[in-house]
Amino acid sequence: MELRERHPAARGEAAYAGVRPEHLRVEQVADGASPTGVIVGVEHLGPETIVEIGADGLGLTARGARLEGLGVDDPVAVRLSAEKLLAFSSDGARLRR
C-alpha cells in the first residue's frame, strides 16, 4: 500500500493506524498468491457479512456485502485503499491530513 505524502502515517507522525471494518475488502486468494490471513469467524446478517480474520497475530474485522463461498479456516486476501487508513497519535488523537 502506498501512502500519499500528505498522509500522517507517511510523514512518520502516526503512532497507531486503524481502519473501519466496512473499508476492508475480503477476497479469495488468487492461485499462487500469499494469503493475508485466515478466516476465524463468519456471521451472515441478511445482505451483509461480518468476517473475523486472523493475520500474523492480529485480529481484523471486515464488514461488507454478503460473501458466498468463504468460511472458517479459508485463507483470504484483505485489501484496503490507502486513503481509508486512519492515523492516530500516541495519545489516541486522530491525525488529520
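The table for this structure:
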{"read-out": "Tally, over segment 30-45, of residues that are surrounded by 14 or more Cβ atoms within 10 Å (Cβ to Cβ), at pLDDT below 90 and not polar (S, T, N, Q)", "value": "1"}
{"read-out": "Tally, over segment 13-29, of residues that are under 20 Å from ALA87 (Cα atoms) and surrounded by fewer than 16 Cβ atoms within 10 Å (Cβ to Cβ)", "value": "9"}
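The values are calculated or read from the model by the stated rules, or taken from the named source; none is laboratory data. This is a predicted model, so every value here is computed, not measured. Counting neighbours? That spans all protein chains shown, and the Cβs are built from the backbone with ideal geometry, glycine included.
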